[in-house]
DNA sequence: CCATCATTCTATCGTTTCATAGAATAATGG
DNA sequence: CCATTATTCTATGAAACGATAGAATGATGG
């Protein structure tokens with residue numbers, strides 16, 4: 001029973017292999033897809049919404065060719081699909097649960113890896129320097145919105161915002177923040193969010209706005225987590 | 001800022017790398033740990049309960065030396081910890097959530113990989129041959145136990161059973177199944193379970209018991225999933 | 001202290017992964 | 001049909017991974 005597979009090596013190894021081990025090997029293929037920082041960056045971008053290769057390459061800081069290769073690998077692992085739209089190939093996540101998978105991976109890593117704690121600490125160091133800027137939790141945010149006490153600020157690029165965002169959120173991409181301050185109300189607390197817990201955009205936005213005298217905090221999650229939790233999006 | 005790391009290559013690459021990418025790279029380390037079938041087999045065994053290296057090596061079908069290396073890798077990824085007990089090193093999962101992580105990985109793979117479907121189909125082919133032997137769901141099982149209509153059979157090796165098992169379960173390791181039939185009631189339906197959805201032990205047990213005329217089905221999950229769901233264990 | 005047992009460490013070899021550059025393919029608009 | 005644009009494919013070299021065998025370490029029990 002020689003099963004045709006992606007390459008000769010595996011074909012050889014899989015001969016006479018228990019169903020069990022074959023299943024685990026196939027699962028491992030999915031694990032391997034998560035085993036590279038650049039691919040995780042691509043997945044994080046895809047969690048914001050579908051996108052063509054060039055966009056993905058740019059946000060992940062890769063050459064187009066290299067990004068394409070990583071995307072093929074994600075495709076073989078069943079994590080993304082692609083469809084053609086004119087000259088462009090549009091990639092998207094196959095499954096809403098992939099966001100949960102990455103979230104769980106993150107939580108486990110944060111709990112059990114010292115290195116992780118160090119890096120997260122570093123990411124939050126600037127916040128602390130400005131005086132205990134705790135991130136806003138989901139419940140807090142929802143309560144604040146309910147009472148009309150907070151304004152939501154989405155600092156992601158415009159294309160990610162328009163692919164989906166939190167209800168009522170105002171979009172000011174970080175690079176043009178200072179040029180569009182008139183969009184922000186001065187009488188409410190501002191809560192900034194971006195791509196997820198590790199996305200630096202909202203950290204940066206909070207720092208810059210505080211320097212300008214705004215009352216502003218960071219939402220501890222991002223758009224993908226909000227959406228994956230089944231909460232309403234626009 | 002040259003951070004000391006596991007090897008020279010990474011140290012070099014990480015210079016001037018964004019916090020962002022460093023975090024994703026560290027996460028990727030956890031992903032990579034899940035990217036090998038043998039390591040997944042080790043994790044599956046560890047989900048049954050802590051064990052020394054030799055036991056782990058045997059159940060995963062590895063040499064002791066090789067198993068040790070894989071375990072080091074899992075340790076570096078923060079997925080397992082080890083402690084010495086006399087001459088032996090006892091390994092265990094660091095976190096209950098790792099079972100959920102593997103479950104989610106499995107669900108996503110099953111939905112999105114054709115190869116996965118094929119292999120699962122193969123695993124279930126024998127059941128179907130004997131006439132639509134649907135696996136028992138968790139709810140069904142709980143209802144059946146409640147009404148006292150089913151007897152639970154744990155076909156895992158004795159050491160895994162004694163590390164924890166479903167309440168009221170009778171343990172008959174598969175290799176000695178025929179020698180211990182007197183432990184099984186003949187007036188109830190028997191539900192067999194083992195290590196998890198892909199574990200072949202309960203499949204095999206069901207086939208052999210049906211040949212002997214027992215009314216018997218398979219539980220669709222295993223001990224780790226039951227425990228991870230917060231249900232009572234003995 | 002020595003012999004034993006369990007495990008880890010080290011060196012090695014073959015295979016795989018990753019990034020790069022450049023060729024090939026596919027759709028579009030003249 | 002040709003030039004352009006977007007993407008994928010192919011070949012290459014450097015680094016990492018995985019399995020093996022044998023040496024080294026660490027705890028135990030005489």
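Residues that are assigned to a helix (DSSP H, G or I), over 24 Å from residue A:18 (Cα atoms) and away from chain A (no Cβ under 13 Å): does the stretch B:183-194 have at least one?
yes
Looking only at the stretch A:36-50, how many residues end up being at positive phi and at the interface with chain B (Cβ under 10 Å from one of its Cβ atoms)?
Here the count works out to 0.
Pick from the stretch B:200-215 the residues that are in contact with a strand residue (DSSP E or B) (Cβ under 7 Å, 6 or more places away or on another chain) and in contact (Cβ under 8 Å) with a residue 60 or more places away in the chain: which of them is surrounded by the fewest Cβ atoms within 10 Å (Cβ to Cβ)?
B:210
Answer yes or no as to whether residue B:55 is under 21 Å from residue B:233 (Cβ atoms) and away from every other protein chain (no Cβ under 14 Å).
yes
Does any residue of the stretch B:183-190 turn out to be closer than 30 Å to residue B:105 by Cβ and touching a residue at least 40 places away in the same chain (Cβ under 8 Å)?
No: zero hits.
What are the pairs with Cβ atoms under 6 angstrom where one residue, in the stretch B:29-42, is more than 16 Å from residue B:64 (Cα to Cα) and at pLDDT 95 or above and the other, located anywhere, is within 12 Å of DNA strand C (Cβ to nearest atom) and not in a helix (DSSP H, G or I)? Sequence gap at least six, or different chains.
The qualifying pairs are B:31/A:34; B:31/A:35; B:32/A:35; B:35/A:35.
Which residues, counting only those in the stretch A:26-44, are surrounded by fewer than 20 Cβ atoms within 10 Å (Cβ to Cβ) and away from DNA strand D (no atom under 13 Å from the Cβ)?
Within the stretch A:26-44, A:38 is the sole residue that qualifies.
For the stretch B:62-74, check the following and say yes or no: at least one residue is free of Cβ contacts under 8 Å to residues at least 40 places away in the same chain and either within 10 Å of chain A (Cβ to nearest Cβ) or more than 12 Å from DNA strand D (Cβ to nearest atom) (or both).
There is no residue in the stretch B:62-74 that is free of Cβ contacts under 8 Å to residues at least 40 places away in the same chain and either within 10 Å of chain A (Cβ to nearest Cβ) or more than 12 Å from DNA strand D (Cβ to nearest atom) (or both).
Every residue in the stretch B:48-91 that is under 19 Å from the mean Cα position of the chain (by Cα), part of a strand (DSSP E or B) and more than 8 Å from DNA strand C (Cβ to nearest atom), please.
B:51, B:80, B:81
Name the residues in the stretch B:103-146 that are modelled with pLDDT of 90 or more, over 18 Å from the mean Cα position of the chain (by Cα) and assigned to a loop (DSSP other than H, G, I, E, B), would you?
Listed by number, the list holds a single entry, B:113.
The values are calculated or read from the model by the stated rules, or taken from the named source; none is laboratory data. The structure displayed is predicted, hence computed values, not measured ones. Using ideal geometry, Cβ is built from the backbone for each residue, glycine included, and neighbour counts are taken over all protein chains shown.
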